[in-house]
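The next block holds one structure in the form of structure tokens; read it before the comments.
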């Protein structure tokens, strides 16, 4: 088994899976019907990508675990998603800023992975980037509309930007796993995504009349580690709901 590639694929799948679960919890609670449908579609897009990454991870592991086993039968310390995606939905400003930060990062990540020397990785990234390009357009537009909207929507959006900014540094912090897969041409270095992400995010925030926090605030020393299995208590609540049926009735099928 290629253990490093396996862990790298888990990181890709887990980030998408947990965010999809967060978005799924909002279905039926959108501010307007159109947004409710858009959230559901975004969740399904991201969940579809999570399934492909986890399926490939299971194949690389070679231990007989499929996407369902990896999703439903791992505990919180075994999940390798970034901390940003496990943040609570909060108000709609927090939901959209979290989505915006992740979407832009996700787009540049998939752009890099589409060049992977592993044809399976490149194929999944190539398919997913088409969906994520739309996600970026949508979340960017909503950030502008809400940031440059009413006094209340502007204040809520600025508060969400200030709160969630500190969780973004982890998205660009390479460790030995990232460096190994990048050196083998299988993945890309996260640090290389920082500048294009910052450029896009700052441009959108400026158009939204919102202020981007200082870059150094994105690298809070205590807010890194989700990709190494160190999480906030919020992930436990997500997994408790997501894994309930399989935990209560192991092996149950429809």
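The values are calculated or read from the model by the stated rules, or taken from the named source; none is laboratory data. What you see is a predicted model; the values in this text were computed from it and never measured. Every residue, glycine among them, receives a Cβ derived from its backbone with ideal geometry; neighbour counts consider all protein chains shown.
Quick notes on this one:
- Unique match (being touching a residue at least 60 places away in the same chain (Cβ under 8 Å) and loosely packed, with under 15 Cβ neighbours inside 10 Å) among 214, 148, 175: 148
- Unmet requirement for residue 80, which otherwise passes all of (1) crowded, with 19+ Cβ neighbours inside 10 Å; (2) assigned to a helix (DSSP H, G or I); (3) touching a residue at least 60 places away in the same chain (Cβ under 8 Å): (2)
- Taken over segment 1-34, the residue count meeting the criterion of being assigned to a helix (DSSP H, G or I), modelled with pLDDT of 90 or more and closer than 22 Å to residue 101 by Cα is 17.
- Those residues of segment 198-224 which are over 26 Å from residue 145 (Cα atoms), in contact with a helix residue (DSSP H, G or I) (Cβ under 7 Å, 6 or more places away or on another chain) and assigned to a loop (DSSP other than H, G, I, E, B), in sequence order: 220, 223, 224
- So residue 195, is it touching a residue at least 60 places away in the same chain (Cβ under 8 Å), in a helix (DSSP H, G or I) and surrounded by fewer than 19 Cβ atoms within 10 Å (Cβ to Cβ): no
- Flag: residue 73 matches the condition of being surrounded by fewer than 20 Cβ atoms within 10 Å (Cβ to Cβ), in contact (Cβ under 8 Å) with a residue 40 or more places away in the chain and farther than 25 Å from residue 175 by Cα.
- Inter-residue pairs, beta-carbon under 9 Å, first on the phi > 0 side of the Ramachandran plot and modelled with pLDDT of 95 or more and in segment 46-67, second assigned to a helix (DSSP H, G or I) and surrounded by fewer than 17 Cβ atoms within 10 Å (Cβ to Cβ), 6+ apart: none
- Residue within segment 89-102 that is surrounded by fewer than 21 Cβ atoms within 10 Å (Cβ to Cβ) and either closer than 28 Å to residue 60 by Cβ or free of Cβ contacts under 8 Å to residues at least 60 places away in the same chain (or both) present: no
- Here residue 130 fulfils each of the conditions (1) part of a helix (DSSP H, G or I); (2) loosely packed, with under 15 Cβ neighbours inside 10 Å; (3) touching a residue at least 40 places away in the same chain (Cβ under 8 Å) apart from (3).
- Within segment 183-192, restricting attention to residues that are within 19 Å of the chain's Cα centre (by Cα) and part of a loop (DSSP other than H, G, I, E, B), the residue that is surrounded by the fewest Cβ atoms within 10 Å (Cβ to Cβ) is 189.
- Remark: residue 16 matches the filter, which requires a residue to be within 18 Å of residue 57 (Cα to Cα), out of contact with any strand residue (DSSP E or B) (no Cβ under 9 Å at 6 or more places or on another chain) and surrounded by 24 or more Cβ atoms within 10 Å (Cβ to Cβ).
Yes/no matrix, rows are residues, columns are (1) on the phi > 0 side of the Ramachandran plot; (2) within 20 Å of the chain's Cα centre (by Cα); (3) modelled with pLDDT of 95 or more:
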| position | (1), (2), (3) |
| --- | --- |
| 164 | no, yes, yes |
| 176 | no, no, yes |
| 201 | no, yes, yes |
| 225 | yes, yes, no |
| 234 | no, yes, yes |
| 239 | no, yes, yes |
| 244 | no, no, no |
| 249 | no, no, no |
